[in-house]
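A.B. asks: Here it is, the structure in full.
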Amino acid sequence: MDTPPLAHAPHTQASAPPLGRPALRTVAEFLKPITWFPPMWAFACGVVASGQDIGANWALLLLGLVLTGPLVCASSQAVNDWFDRHVDAINEPNRPIPSGRMPGRWGLGIAIAWTALSLMWATLMGPWGFAACALAIALSWAYSAPPVRLKNNGWWGNAACALSYEGLAWLTGTAVMLGGAWPGPHSVALALLYSVGAHGIMTLNDFKAIEGDRRMGVASLPVQLGAHGAARMACVFMLVPQVAVALLLAHWQLPWHATAVLVLAVMQGPLMAKFLRHPVERALHVSAFGVPLFVSGMMISAWGLRQLSGLHSSVGVL
């Protein structure tokens with residue numbers, strides 16, 4: 001793929017002697033530890049929702065947390081930064097590649113190495129864990145790399161990320177704790193609903209890159225719909241699934257869990273109201289304060305499924 005030269009890197013980097021290899025601090029920045037939390041949290045939700053004894057399966061929990069965060073998520077970040085280096089030169093020139101701190105093809109090499117390491121690690125988690133990892137890896141490369149490059153369309157790109165980070169991680173956590181068994185309709189329903197909500201969260205991340213995306217032909221939702229249109233869509237995508245989860249929990253005779261999820265959704269309302277008025281300026285604010293409320297509801301609903309599983313087990317024993 002032809003890409004424009006990274007002419008937007010700081011002049012101080014241009015005058016500095018070329019680097020042979022990146023510093024370890026730069027590699028750590030490149031793998032973006034701050035982004036590892038969502039899939040690790042979703043995996044933990046799946047573990048909780050399985051109803052299995054967590055203490056007796058702590059090794060699987062640890063293996064899964066390492067796989068979903070420091071391995072799969074980190075590899076996806078590396079892949080994205082490599083194939084987005086020309087866009088980042090406009091939007092965020094201080095990132096490792098456009099700044100020159102990640103020289104040559106080191107970025108691509110790390111992306112490939114982390115992908116391979118993720119797949120090897122996944123073999124420790126049985127057939128389901130390996131299959132889920134392979135699918136997540138495939139989605140991450142399809143998201144960023146040509147010729148597919150799902151990121152070029154905000155609808156498809158955000159869907160791929162949301163499914164991988166939330167739904168797939170949740171179902172993997174449940175399945176590995178059940179010894180590879182199918183997670184069941186309750187977990188599948190909640191995992192898919194929270195994936196839809198995560199689509200809106202992914203849109204929040206696109207507001208900081210509108211200028212570069214527009215210039216480089218990346219049709220993110222803020223580019224396609226305008227800032228205010230994308231803000232409305234992000235709010236709908238985040239709120240509607242949470243209401244649906246609350247209704248399902250109530251239907252499953254879990255009224256306290258349903259109420260808690262609904263209260264957390266209502267608490268996001270004032271943040272979203274300000275966001276809708278000033279989308280570009282307030283997108284980061286919703287990410288910082290609204291998303292924690294969203295993911296708290298995920299864990300509450302997972303504990304609801306755990307309670308439901310315990311009730312079903314008790315009925316079975318009786």
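None of the figures in this text is laboratory data; all of them are computed from the coordinates on show. Bear in mind that the values here come from a model prediction, so they are computed numbers and not experimental data. Every residue, glycine as well, gets a Cβ built from its backbone with ideal geometry; the counts of neighbours run over all protein chains shown.
A.B. asks: Looking at the chain as a GNM with Cα springs under 10 Å, which of Trp41, Trp106, Trp141 has the largest mean-square fluctuation?
C.D. replies: Trp106
A.B. asks: Rank Ile201, Ile210, Ile34 by mean-square fluctuation in a GNM of the chain with C-alpha springs under 10 angstrom and give only the top-ranked residue.
C.D. replies: Comparing Ile201, Ile210, Ile34 in a Gaussian network model of the chain, the most mobile one is Ile34.
A.B. asks: Write down Rg/Rh for the stretch 37-177, rounded to two decimals, with Rg from the C-alpha atoms and Rh from the Kirkwood relation over Cα pairs. Let's see the in-between values first.
C.D. replies: On the way: Rg = 15.8 Å, Rh = 15.5 Å.
Answer for the stretch 37-177: 1.02.
A.B. asks: Between Ile112 and Val66, what's the calculated FRET efficiency when r is the beta-carbon distance and R0 is 30 Å? Round to 0.05. The partial results should precede the final answer.
C.D. replies: Values: r = 19 Å, r/R0 = 0.64.
Efficiency, rounded to the nearest 0.05: 0.95.
A.B. asks: To one decimal place, what Kirkwood hydrodynamic radius in Å is obtained for the chain from all pairs of distinct Cα atoms?
C.D. replies: On the way: mean 1/r = 0.0489 Å⁻¹.
After inverting the pairwise mean of 1/r, the radius is 20.4 Å.
A.B. asks: Enter the per residue convex hull volume of the stretch 170-318, computed from alpha-carbon coordinates, in Å³ rounded to the nearest integer.
C.D. replies: On the way: hull volume 16.5 nm³, N = 149.
Residue-normalised Cα hull volume stands at 111 Å³.
A.B. asks: May I ask you to derive the relative contact order of the chain, considering only C-alpha pairs under 8 Å and at least 6 residues apart, and to give it as an integer percent? Don't skip to the end; give the middle numbers.
C.D. replies: Working: 482 pairs, mean separation 61.7, N = 318.
Relative CO of the chain lands at 19 percent.
A.B. asks: Choose one of Leu61, Ala258, Ser195: the residue whose Cα lies farthest towards the positive end of the charge dipole of the chain (beta-carbon charges +1 Lys, Arg; -1 Asp, Glu; about the Cα centre).
C.D. replies: It is Ser195, whose Cα lies furthest towards the positive end.
A.B. asks: Also, I was wondering about something else. Measure nothing fancy, just the Cα-based angle from helix 255-267's long axis to the longest principal axis of the chain, in degrees from 0 to 90, nearest 10.
C.D. replies: 30
A.B. asks: Between Leu247 and Val148, what FRET efficiency comes out of the Förster formula 1/(1 + (r/R0)^6) with R0 = 35 Å and r the beta carbon distance, rounded to 0.05? Working shown, then result.
C.D. replies: Values: r = 36 Å, r/R0 = 1.02.
In this case the efficiency is close to 0.45.
A.B. asks: Between the stretch 162-196 and the stretch 204-224, what is the C-alpha centre distance in whole Å?
C.D. replies: 30
A.B. asks: Restricting to DSSP loop positions (anything but H, G, I, E, B) with no more than 16 other Cβ atoms inside 10 Å of their own Cβ, which trypsin sites (Lys or Arg not before Pro) remain in the stretch 55-163? Mind showing how you got there, number by number?
C.D. replies: Details: sites: Arg85, Arg101, Arg105, Arg149, Lys151; in loops: Arg101, Arg105, Arg149.
Answer by residue number: Arg105.
A.B. asks: Looking at the chain as a GNM with Cα springs under 10 Å, which of Ala113, Ala122, Ala169 has the largest mean-square fluctuation?
C.D. replies: Ala113
A.B. asks: Just to be sure I understand the model, the point goes 7 Å from the Cα along the line to the Cβ. What's the resulting Arg105 to His228 distance in nm?
C.D. replies: Placing both labels 7 Å along Cα→Cβ, they lie 4.8 nm apart.
A.B. asks: Multiply the residue separation of Trp256 and Arg214 by 0.36 nm, subtract the distance between their alpha-carbon atoms, and state the gained length in nm to one decimal. It would help to have the intermediate numbers written out before the result.
C.D. replies: Numbers: separation 42, 0.36 × 42 = 15.12 nm, distance 4.52 nm.
Gain on extension, Trp256 to Arg214, equals 10.6 nm.
A.B. asks: Sort 301-308, 42-49 by the packing proxy (mean of other Cβ within 10 Å over each peptide's residues), most packed first.
C.D. replies: Values: 301-308: 22.0, 42-49: 26.9.
Taking the mean over residues of other Cβ atoms within 10 Å, the ranking is 42-49, 301-308.
A.B. asks: Moving on. From the mean inverse distance of alpha carbon pairs (Kirkwood) and the Cα radius of gyration, derive Rg over Rh for the stretch 109-163. Before the final figure, lay out the partial values.
C.D. replies: Values: Rg = 12.2 Å, Rh = 11.8 Å.
Rg/Rh: 1.03.
A.B. asks: Still on this structure, I have one more. Any chance you could give the angle, 0 to 90 degrees and rounded to 10, that helix 279-317 forms with the longest Cα principal axis of the chain?
C.D. replies: That helix lies at roughly 30 degrees to the long axis.
A.B. asks: Can you compute the modelled spin-label distance between Ile54 and Ala273, with each label point 7 Å from Cα toward Cβ, in nm?
C.D. replies: Placing both labels 7 Å along Cα→Cβ, they lie 3.5 nm apart.
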